[in-house]
Amino acid sequence: MRATDQRISTFAAQCRSIWIAIRFLAALMPASQLFAAESALHINLGTIAPRGASYHQSLLAMGEKWRRATDAKVKLKIFPDGNQGGEADMVRLMRIGTLDAGLLTAVGLGDIETGVAGLQSMPMTFRDLQEFDYVNEKLRPRLEKRLLEKGFVVLFWVDAGWVRYFSKKPMVRPDHLRKMKLFAWAGNEKQVDIMKKAGFHPVPLETAEIVTGLNTGLIDAFCVPPIFSLAGQLDLRAPHMLDLNWAPLVGAAVVRKETWDRIPATAKKSLLEAAAHAGEEIKAKSRRESDESVGAMKRRGLTVHPVTPEVAAEWRKVVEGVNHRIRGDIVPAEVFDEVQMLLKEYRAAKAEKST
């Protein structure tokens, strides 16, 4: 019996020695070799971008670069068309770990970090996209830090150019829109409340419900980038567009920090480079296609209503009347103020150069 006990004790000691040796070797082994020994990491990314659109194609190309850079150890699967639900749904799925990543507009990003609203939810703030680029570049580090603190890593930032108003019937002045039922992003109760107090009639919906809303009469107007309207053939149901640059549609691709942390540091640089390229490609294509989309829709019947200085002043008066609510309720006060400060800084420098 003693011999048996001794053999068991010896075997246990040998097992402990082997385990210690394995852990020691693992500590010495490069992260990339450890990663290669593991099964592939599947990253599921959701977006409301239409299947086949330039957004979707750039994401697919990014996924292929990720696959090649990691010897197929990281595989990105894209779910376009709002397949995973609206942006609020996708944020919830990411928080519980069902979804790993998302290409979101500022609406969805705002559900994670409200400061992002400073790039999109301040109507008629930016005179041109150069002003927006300047402010965006300055705000990005702070916003990325805040998103990281909430558990999300930013892969890249994008925009789709200006959002514009589309409607079933001609709509030029604010009073025309006040007589219509206007699409509003679902989940943003404060914005809906501000719109109501300004005399409008918002109807909260997910973007995937815009077509149904137009068909059933639930809504009469909506505000989206022209490229989105063209891809979804929304202009066939709402053949009038107001040529007013309301605000840029801002977005970013984010991934759960928990998922990102599973990727070795040696692989992350290549993945971020591929992501940065995808972001630049999406932004450049989106801005170009936004203008091209208006031409394409005009050829199939879209009526574009120009905005005179008088009409622009009417819209600006509406915005000025709600800015005190946007500051604090929609956009954090310190972010709102910084956007205004950065714009003054940019415009002053531009004016100085021109003299």
query: Label points 7 Å out from Cα along the Cβ direction at GLU149 and GLU137: separation in nm?
result: 2.6 nm
- prompt: Between LEU129 and LEU60, 0.36 nm times their residue separation minus their Cα-Cα distance comes to what?
  reply: 22.2 nm
Nearest 10 degrees, 0 to 90: helix 265-299 Cα axis against the chain principal axis: 20 degrees
query: Which of (i) 0.99; (ii) 1.06; (iii) 1.12 is the computed Rg/Rh (Cα atoms, Kirkwood Rh) for the structure on display?
result: (iii)
statement: Check: C-alpha center the range 276-355 vs C-alpha center the range 50-90, spacing in Å is 28 Å
- prompt: Rounded to the nearest 500, what is the chain's calculated 222 nm mean residue ellipticity when only DSSP H runs of at least 4 contribute -39500 (n - 2.57) each, over all residues?
  reply: -17500 deg cm²/dmol
statement: For the chain, longest principal axis from Cα atoms; helix 54-69 axis from its Cα atoms; angle between them, nearest 10 degrees, is 20 degrees
statement: Ranking PRO332, GLY97, ASN136 by how far each Cα lies towards the positive end of the charge dipole of the chain (+1 on Lys and Arg Cβ, -1 on Asp and Glu Cβ), the top one is GLY97
message: Compute a Gaussian network model of the chain, connecting alpha carbons closer than 10 Å, and tell me which residue from PRO248, PRO50, PRO141 fluctuates the most.
response: PRO141
Which of LEU218, PRO80, THR125, positive extreme of dipole for the chain (C-beta unit charges): PRO80
query: Stretch LYS77-GLU189 to full length: gain in nm at 0.36 nm per residue minus the Cα-Cα span?
result: 37.1 nm
field: In degrees, nearest ten, helix 309-325 long axis to first principal axis of the chain (Cα)
entry: 50 degrees
query: Roughly what % antiparallel, to the nearest 5, for the DSSP beta bridges in the range 38-354?
result: 50 percent
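Every number here is computed from the coordinates shown, using simple stated rules; none is lab data. No experiment lies behind these values; they were computed from the predicted model shown. Glycine gets a Cβ as well: all are built from the backbone with ideal geometry, and neighbour counts include every protein chain shown.
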